[in-house]
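One structure below.
Only the coordinates and a few stated rules stand behind these numbers; no lab work does. Fair warning: this is a prediction, and the values are worked out from it, not measured in the lab. Every residue, glycine among them, receives a Cβ derived from its backbone with ideal geometry; neighbour counts consider all protein chains shown.
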Amino acid sequence: MIEEARKTDIKVKLRKFGLRPTRQRVALAGLLFAAGDRHVTAEGLHEEAERISFPISLATVYNTLNQFTEAGLLREVAVEGSKAYFDTNTSDHHHFFCEGDSSLMDIADDALRVIGIPAAPEGMSITRVDVIVRLAEFPPKICAEFLKD
Ligand SMILES: [Zn+2]
């Protein structure tokens, strides 16, 4: 489980984003923000919670991820209609998506430029431009090596 000092840091962080630090939120935030930037799905995070024997339903994991996203702690990355990815890196950035193992990886800031963005229709504004560069696994081990999270 999470050590007390980290728990306190997590609680401070949750409060800063306007979230009450419930036991479940603290546990999931502990998994999410343990080390570096990550991309997780609700299913993946649910499995991680099971591995540390923290009892939580998949529905609660989903709800918590959505609450974290609304609060600005996470950013949702839409890759495919059926699956949502949650990114602990909330800055504007683009992604590689590996079609073989459905993993997501950040593209370095200067590696991709988007030019020729159309004007938003009247009365609307562009909030963000997300680019997903899809990768096929060939040879198979390349994706697994690069896309560790
Ligand atoms: Zn990312």
Quick one: helix 4-16 against the long Cα principal axis of the chain, what's the angle to the nearest 10°, folded into 0 to 90? 60
Compute the acute angle (0 to 90°) between the alpha-carbon long axis of helix 23-32 and the principal axis of greatest extent of the alpha-carbon atoms of the chain; round to the nearest 10°. 40
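With runs of 4+ DSSP H residues as the only contributors, calculate the mean residue ellipticity of the chain at 222 nm using -39,500 (n - 2.57) per run, divided by the residue total and rounded to the nearest 500. Working shown, then result.
Values: 5 runs with 53 residues, N = 149.
Only helices count here, giving -10500 deg cm²/dmol.
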Pairwise label distance in nanometres, residue 129 with residue 4, each label 7 Å out on the Cα-Cβ vector: 5.1
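Neighbour counts of other C-beta atoms within 10 Å: give me 10, 115 arranged from fewest to most. Please list the in-between numbers first.
Details: 10 21, 115 4.
Ascending number of Cβ neighbours within 10 Å: 115, 10.
Apply the a/c threshold of 1.5 to the C-alpha gyration tensor of the chain and tell me whether it is rounded, prolate or oblate.
Values: a/c = 2.06, a/b = 1.34, b/c = 1.54.
Since a/c reaches 1.5 but b/c is at least a/b, the shape of the chain is classed as oblate.
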Just to confirm the number: angle between the C-alpha axis of helix 42-51 and the first principal axis of the chain, 0 to 90 degrees, nearest 10? 30
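Using Cα-Cα distances under 8 Å and only pairs 6 or more residues apart, what relative contact order does the chain have, in percent? Write down the numbers at each step before the final one.
Details: 166 pairs, mean separation 27.8, N = 149.
In percent, rounded to a whole number, it is 19.
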Fewest to most Cβ atoms within 10 Å: 52, 132 sort as 52, 132
With contacts defined as alpha carbon pairs under 8 Å and 6 or more residues apart, what's the relative contact order of region 60-105 in percent? 24
